[in-house]
Structure formats: C-alpha cells, structure tokens
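Undergrad: Structure incoming, see below.
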Amino acid sequence: MFDLSSLGIGYGSLLMLGSMIFLLLTGMQLAFVTLIVAMFFAIGWFGFGALPLVTSRLYSFVGSYVFLAVPMFVLMAALLDRSGIARDLFDAMKVFGRKLRGGVAVQTLLVAIVLASMSGVIGGETVLLGILALPQMLRLGYNRKLAIGTTCAGGALGTMLPPSIVLIIYGLTASVSIGELFKAAFLPALLLAFAYMAYVLIVCRLHPEYAPLPTEEELAEDANVNYFKALFFPLLSVAVVLGSIYTGVASVTEASALGVVGIMISAVIRGEMSFSMLKESAKATMSTCGMIIWIGIGATALVGVYNLMGGIDFVETTILALSGGSVMGTVLIMMLVLFVLGMFLDWVGVALLTMPIFVPIIMNLGLDPVWFGVVFCLNMQVSFLSPPFGPAAFYLKSVAPKDISLGEIFSSLLPFIGLQIVVLALVIFFPQLALWWK
C-alpha cells in the first residue's frame, strides 16, 4: 500500500497538478480527471476510510436547492434559441440605430443585454447574434473585424448580466447569496456593455467607412416592424425574472421557473410552441446540465480531498509569500491564476476547482466574497474571448460565414478583451462599483 502523505503537502500539490495535466493531455474529460485524481489521493493519503467523506461532499453539492435554477435558466435559453422571439427583438431594436453611424452594432449590443437578462447562458446568445446580427452588418458594409468583435463580445455578456449561470455556480460554490451577487454584478455588467458601445461609436466616428449609414429604402423597411409585439414579451420576461428577484418577491430558483413559464406562454401566444421545439429544448438543457453536474462532482471531490490534505493553508501561505503579504498583490495573483486556467479549462471547472480554495483566503483577508464573485465573473468574461480556447469564438465560428477563420475572430476580439481588462481593473481597485447597493 503506497503512502502519499510522506511526500508532504508541497510535493503532494505538485504531484496532484501533474497528474491532472497528464490525464487532460490524454484527452480525458475534466470531470473524470478530477474524480480519478481525487480517489487516488484520498486512498493514497488517508486510506480507504476517507472515501465516505468524499461522497458526503458530493451529496451536498448536487442536493442544493438553489442548483435548480441552473436547468431553468438553461431551458429559457434553449427555448429562446428555437423560437422567433430573439429575431423579432433584433428587428425591433433597429429603432435605436436607424440614423446612427454604427447603429446596427449598437443595436446588436442592446439585444445582447436583453437576451443575457433573459437567460444568462452565453452559448445560445452568441449563436443567435451570429445568425441575426453578423450577416446583416457584413451585408451593410461594416468593417469585418468590428462586426465580428461586436457580435462575439456582445454574445458573451451573459457571463456577467444577471441571471448569469456563472454567478449562480459561484454562489453555490462559495456559499454566497445569489441575490446579492446579482445586485453586485448589475452595474459592472452595464459598465462593460456601455464600454463596448462607446468603443463602437468612437471607432465609427473616427473611421466613417467602418459603418455606412442605411439607405432610404432600408429605413422604409424598418418602419414596417411591429415594435410593440417584438419588444413586449422579451421585456416582460426580463421584468418578471429580475424584478421578482430584486424586490424579494421570489427567490432565484422560483424566478427561474417563472421565466420558463413566461417564455413558454409567449411562444404559445405567438403560435410557435410545438412538441418538437419543447423536446429539443429539453434535450439541450439536459446535455448542458449533465456536463455541469459531472464537472461539479469531480471538482467537489478533488477540492474536498485537497482540503483534508491541508491544501488551503498551503495555497494561502504560498500566495501571501509571493505577494509579500500585500492584500492587493494576493488578489492580483489570484486573477493571474484564474486567467491562465480560463485559457485552458471550462469556466465550470475553474470555478469549482479554485473558489473553495480562494474564497476562504479572501474572507481571511477581510475582503467581501460578493465583490470577489463579480471580479471572478469579469475574469471569466475575459477567458470566454481569449485564445487559444475562448468558447465564445468557437460558438461564433459554428455559424459564421465560411470565409471567416477562427484566427480572424480572435484578432477581432483583441480591442474588446482590452476593454474587459480595463473594467476588471476598475472593479478590483474600486470595489464600490460592485458594492454600491450595500
């Protein structure tokens, strides 16, 4: 019987990290990598008697009541993806960009804000905007990089805007109120969205050829849009979901169910509801939630074993030593770790692997875990667009015209990544941007 505890926590941490990297390089899924490594170290460090402690942590994760909000919001996104609500919303938003240079790009970002406030899932939102907005901007003669970057960055706003799934998973992992996280993320999310809009308008002002103005014929076509019909249902859904949470009428879980019912009623009234649409939406929801649960099980097991090994104290001591005891230095080192991990791992894995370790350190330093949740989400926002594995870029590539390469998408995103880093820095150095409501 091997005894890994003789290695000490330092070498044990290196062996654990090396084992994970090796298994990931074989092509094995993150969920199974973390579970295998967790079991190996539980038995090797403590013996078979530690296994019940690991399984008890798994039950606490999958049995959380708030976790029910995740499939509800994912289902909302799936129903939006398969109905005509998002398409009509995009057409109606033309009223904001009729005679404005760069107006269609601004319109795209406004639609992204509304869609993000309805579902909180970036995959479907990015694909929808890639189908609706990108072809229109290219047809109107918009600069390719501006059109691509706006579409992709706008689609990723679901990471930040409530009811963000990222915020919900963070709240579950860090044992922080999700309602408070939603309040805290609202202003930074809008700040990021308006930063995108300001960039678009400034660039179009400096380079008018980047965004030609619409012709009289196109303006005449826009006049035929039924704005009330197109805007009523989406805005009502946003009001029901976020309004019920912020006013305290409903919990996050209850609000998510209300949102699903609202979208389904909207689809019925519009004559779009069908059994096949409901079936496909349910399948997509099961697939996404299954992925989250399996990653959660593996990550929870791994973090539980690492905590038993004394990992949190080791990580805290190491980070504080590297930062020279500086509180801000500690936060910046954590941000660097999250940024690097986000380039290679799915955000669910990053959250579930790091937050149980980082959040106790943040609280020991006297920092607000709600603020740190917003900072974490902003960091993940950067990772969604960053090469080599930025998922938003791959989502857009799946529906973009064939002559748009993945390299062109990533290069188009560089200005928007820069804006994300600026907003991230502002929230780090000015916490009241997230804690204004306290």
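Undergrad: For the range 381-391, indicate whether the set of residues that are within 22 Å of S323 (Cβ to Cβ), open to solvent by 40 Å² or more (accessible area, probe 1.4 Å) and either in contact (Cβ under 8 Å) with a residue 40 or more places away in the chain or not aliphatic (A, V, I, L, M) (or both) is non-empty.
TA: No.
Undergrad: Counting only residues that are part of a helix (DSSP H, G or I) and small (G, A, S), how many does the range 354-374 have?
TA: The number of residues fulfilling the criteria is 1.
Undergrad: Further question on the same structure: So, Q136, is that one out of contact with any Gly (no Cβ under 7 Å at 6 or more places or on another chain) and of a type outside the set (D, E, K, R) or not?
TA: So Q136 passes the test.
Undergrad: Tell me which residues, restricted to the range 118-165, are among the polar types (S, T, N, Q), in a helix (DSSP H, G or I) and surrounded by fewer than 24 Cβ atoms within 10 Å (Cβ to Cβ).
TA: Hit for the range 118-165 is Q136, nothing else.
Undergrad: Still on this structure: Does the range 62-82 contain any residue that is closer than 30 Å to P214 by Cα, at pLDDT below 85 and open to solvent by 60 Å² or more (accessible area, probe 1.4 Å)?
TA: Looking for residues that are closer than 30 Å to P214 by Cα, at pLDDT below 85 and open to solvent by 60 Å² or more (accessible area, probe 1.4 Å), one finds at least one in the range 62-82, hence yes.
Undergrad: Moving to a separate point now. Here's a check for you: in the range 94-108, which residue that is among the aliphatic types (A, V, I, L, M) and crowded, with 24+ Cβ neighbours inside 10 Å is modelled with the lowest pLDDT?
TA: V104
Undergrad: Still on this structure: Identify the residue in the range 392-423 that is part of a helix (DSSP H, G or I) and of a type in the set (S, T, N, Q) and, among all such residues, is most open to solvent (accessible area, probe 1.4 Å).
TA: S411
Undergrad: Further question: So, in the range 345-365, exactly how many residues are without any contact (Cβ under 8 Å) to a residue 24 or more places away in the chain and open to solvent by 20 Å² or more (accessible area, probe 1.4 Å)?
TA: So the answer is 1.
Listed here are the residues, each with its yes/no results for (1) assigned to a helix (DSSP H, G or I); (2) touching a residue at least 40 places away in the same chain (Cβ under 8 Å).
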position: L322; (1), (2): yes, no
position: G325; (1), (2): no, no
position: L336; (1), (2): yes, no
position: M343; (1), (2): yes, yes
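Undergrad: Turning to a different aspect of this structure: For the structure I just gave you, tell me whether S398 is small (G, A, S), in contact (Cβ under 8 Å) with a residue 24 or more places away in the chain and within 20 Å of I131 (Cα to Cα).
TA: The answer is yes for S398.
Undergrad: Test A156 against the stated conditions and say whether it is closer than 26 Å to S244 by Cα and at pLDDT 85 or above.
TA: Yes: the conditions hold for A156.
Undergrad: Identify the single condition in (1) of a type in the set (G, A, S); (2) within 24 Å of L414 (Cβ to Cβ); (3) touching a Ser or Thr at 6+ places or on another chain (Cβ under 8 Å) that G171 does not satisfy, given that it satisfies every other one.
TA: Only one criterion in (1) of a type in the set (G, A, S); (2) within 24 Å of L414 (Cβ to Cβ); (3) touching a Ser or Thr at 6+ places or on another chain (Cβ under 8 Å) is unmet by G171, namely (2).
The values are calculated or read from the model by the stated rules, or taken from the named source; none is laboratory data. Model, not experiment: these values are computed from the prediction. With ideal geometry, Cβ positions are generated from the backbone for all residues, glycine too; neighbour counts draw on all protein chains shown. For accessibility, only protein heavy atoms count, side chains too; no ligands or nucleic acids. Shrake-Rupley method; radii C 1.70, N 1.55, O 1.52, S 1.80 Å.
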